[in-house]
Structure formats: C-alpha cells, structure tokens
Amino acid sequence: SHIASLQRNKISKQQLLTNLSSKNDSYSQDMCSAFIRADIPLSKLNCDAFRQFLEKYTGKKTPNESTLRKTYLPDAFNDIMKRIALELKGKYFYIVVDETTDS
C-alpha cells in the first residue's frame with residue numbers, strides 16, 4: 001500500500017497558484033510597462049467596461065490589477081531604475097529634499 005500511495009503522489013502533485021502564473025507572459029509585462037509609462041493607475045483594470053474593451057479588441061484575457069502589481073511591477077520597476085542609472089552614469093546631478101510639512 002505504501003508503494004501504491006507513493007505512485008499516486010508522483011502522478012498528481014498539487015500546484016500552488018503562484019506556480020500557475022507565468023512571468024513569461026509578454027502581454028502582461030507589456031501592459032504593466034505601458035500603464036506605468038502612461039501614468040495610468042493599475043487600478044483602472046478593475047473597471048469592468050475597460051476590461052471588456054481590452055479583451056474584445058486584443059483577444060487576450062486581461063490580467064487582474066493585483067496580478068500585475070505582484071508579478072510584473074517589480075520587474076518593470078527594476079527596468080526603469082536601470083534605465084535611469086544608465087542615463088545618469090558619468091553625469092553630475094543633485095537631489096533636493098523638502099522636509100517641511102503641509103499645514
């Protein structure tokens with residue numbers, strides 16, 4: 001019975017939801033980058049009318065806002081930071097910080 005149980009466990013492994021989402025989905029990656037560059041909040045994807053419009057004209061399932069935020073946003077952030085670092089490499093720049101609080 002132990003051997004039969006072992007064989008059953010080898011055949012049917014439970015996949016976690018984190019394993020089901022693929023970071024190789026270029027549509028979702030491109031969508032996340034486009035929203036960031038256009039300064040569009042990812043929360044706009046929660047609007048059913050906008051989601052239906054995207055799905056109708058792209059023919060692809062539109063990812064949820066939380067999926068983009070958790071899965072694709074960190075990579076998009078790192079890409080932007082690398083691009084900024086390359087643009088500023090070898091140049092002088094200054095940073096101004098205003099520490100006053102609003103009344």
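The values are calculated or read from the model by the stated rules, or taken from the named source; none is laboratory data. If you're wondering where the values come from, they're calculated on a predicted model, not measured in any experiment. For neighbour counting, all protein chains shown are included, and Cβ atoms are generated from backbone atoms with ideal geometry for every residue, glycine included. Calculation scope for accessible area: heavy atoms of the full protein, side chains included, ligands and nucleic acids excluded. Shrake-Rupley method; radii C 1.70, N 1.55, O 1.52, S 1.80 Å.
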Quiz item: Put +1 on the Cβ of every Lys and Arg and -1 on every Asp and Glu Cβ in the stretch 35-92; which of Ala85, Thr67, Leu54 then has its Cα farthest towards the positive end of the dipole?
Solution: Ala85
Quiz item: How would Tyr72, Tyr94, Tyr27 line up by accessible area, probe 1.4 Å, largest first?
Solution: Tyr94, Tyr27, Tyr72
Exercise. Round to the nearest 0.05 the FRET efficiency obtained for Lys91 and Arg37 when R0 = 25 Å and r is the Cβ-Cβ distance.
Key: 0.65
